[in-house]
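Structure record follows, encoded as structure tokens.
The values are calculated or read from the model by the stated rules, or taken from the named source; none is laboratory data. Remember, it's a predicted structure, so these values are computed and weren't measured experimentally. Backbone-built Cβ (ideal geometry, glycine too); neighbour counts: all protein chains shown. For the accessible areas, the whole protein counts, side chains as well, though only heavy atoms, and no ligand, DNA or RNA atoms are used. Shrake-Rupley method; radii C 1.70, N 1.55, O 1.52, S 1.80 Å.
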Amino acid sequence: MGQPSIVEVDYHVLVGKLKRAADTGCLIERTDKERWKAYIEENQIRETSLVAFGKVKFSRGAPTPVAIVMSSDWDGCYVYSDKDEAALKYVPAT
């Protein structure tokens, strides 16, 4: 079994995907504590690692973790910064 990884994704494309996911109820934000906790546990996401990578990568803004669950290539857990216009995706171990 491999190790999970964190990869850069196109911030501007992600923003569009986040809007579409939010419009269809397929966006899970950290503030939705029950859904967020269930998603993190079910997918074995190392949330602390993801946010820590965001803090290192983003110099101007705080990392915002979110998850997209709409049966697309963009499904997954992300951290992004609007001020930095940057985003990272958590890729689970395979």
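Key figures for this structure:
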{"quantity": "Cleavage-rule hits, GluC sites (Glu not before Pro), the chain, DSSP coil, Cβ neighbours within 10 Å at most 16", "calculated": "85"}
{"quantity": "With DNA, RNA and ligands ignored, accessible area of residue 40 (1.4 Å probe; Å², nearest 10)", "calculated": "20"}
{"quantity": "Magnitude of the charge dipole, the chain, Cβ model with Lys/Arg +1 and Asp/Glu -1, debye to 20", "calculated": "240"}
{"quantity": "Helical segments meeting 20 Å axial Cα length and Kyte-Doolittle 0.5 threshold in the chain (DSSP H)", "calculated": "none"}
{"quantity": "Accessible-area order (highest first, 1.4 angstrom probe) of the listed residues 36, 74", "calculated": "74, 36"}
{"quantity": "Column: log10 I(q)/I(0), Debye, Cα scatterers of the chain, q = 0.20 Å⁻¹", "calculated": "-0.97"}
{"quantity": "Protein accessible area in the range 1-45, 1.4 Å probe - carbon and sulfur %", "calculated": "47"}
{"quantity": "Relative contact order of the chain, defined on C-alpha pairs under 8 angstrom at six or more residues apart (%)", "calculated": "42"}
{"quantity": "Residue-wise HN-Hα coupling along the range 68-77, computed from phi with Karplus coefficients 6.51, -1.76, 1.60 (Hz; x: Gly, Pro)", "calculated": "10, 9, 10, 6, 9, 5, 8, 4, x, 10"}
{"quantity": "Built amide H within the under 5 Å cut-off of residue 58, gap 5+", "calculated": "none"}
{"quantity": "Furthest towards positive pole of dipole, 50, 77, 90, structure part the range 49-94, Cβ charges", "calculated": "50"}
{"quantity": "Sequence of 32, 73 from largest to smallest accessible area, 1.4 Å probe", "calculated": "73, 32"}
{"quantity": "Total lysine pairs whose alpha carbons fall under 15 Å of each other in the chain (8 or more apart, or interchain)", "calculated": "5"}
{"quantity": "Accessible area (Å², per residue) of the chain, counting only protein heavy atoms and a probe of 1.4 Å", "calculated": "63"}
